[in-house]
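Rule-based calculations on the coordinates, nothing more; no lab input. Keep in mind it's a predicted model, so treat the numbers as computed, not measured. Every residue, glycine among them, receives a Cβ derived from its backbone with ideal geometry; neighbour counts consider all protein chains shown.
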Amino acid sequence: MKAHDRLPSIRATFTTAGAAVDLTTATTVTFIMKAKSGGGTAKVNSAATIVDPTSGIVRYDWQTGDTDTPGDYQAEWQVTWSSGQKQTFPTLTYHSISILADLDNA
């Protein structure tokens, strides 16, 4: 996506062993995005929306400042279950997100 764009929202479907993860008992889902270069704090660490709990579908709506710095990022989603335990998706890797500079820097 281009810097400063806030659309489209990022969506994901959580699965385990090929089956959708039922998020009915999830209390929160957090979207976390950090520069691939490592170090520093997360660029984004904010609440996401559960779109369809039984199908495991979630969405994060970009906020002002989330996409203002061009670069390569890795992202993940952290689910907090009603038991207080946490589970991260994807489990074996990260989402890759590239933010490209826009021509008018606005």
Next item on the list: Quick one: which residues, 5 or more positions from ASP61 or on another chain, have an amide H under 5 Å from its amide H? H modelled 1.01 Å from N in the peptide plane, none for Pro or chain starts.
Entry: THR49
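Relative contact order (percent) for the chain, with alpha-carbon contacts under 8 angstrom and 6 or more residues of separation?
Working: 223 pairs, mean separation 37.2, N = 106.
Relative contact order, the chain: 35 percent.
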Next item on the list: Might you report the magnitude of the Cβ-based charge dipole of the chain about its Cα centre, with Lys and Arg at +1 and Asp and Glu at -1, to the nearest 20 debye?
Entry: 240 debye
Checklist line | Efficiency of FRET between ALA42 and ARG11 - r from beta-carbon atoms, R0 25 angstrom, step 0.05 | finding: 0.80
Note to self: Which one, ILE99, ILE50, GLY38, is farthest towards the positive end of the dipole of the chain when Lys and Arg carry +1 and Asp and Glu -1 on their Cβ?
What the structure shows: GLY38
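Report the percentage of all Cα-Cα pairs in the stretch 44-84 whose separation exceeds 16 Å, rounded to a whole percent.
Summing the P(r) of the stretch 44-84 above 16 Å gives 49 percent of all pairs.
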Check: What does the convex hull of the Cα atoms of the chain come to per residue, in Å³, rounded to a whole number?
Finding: 103 Å³
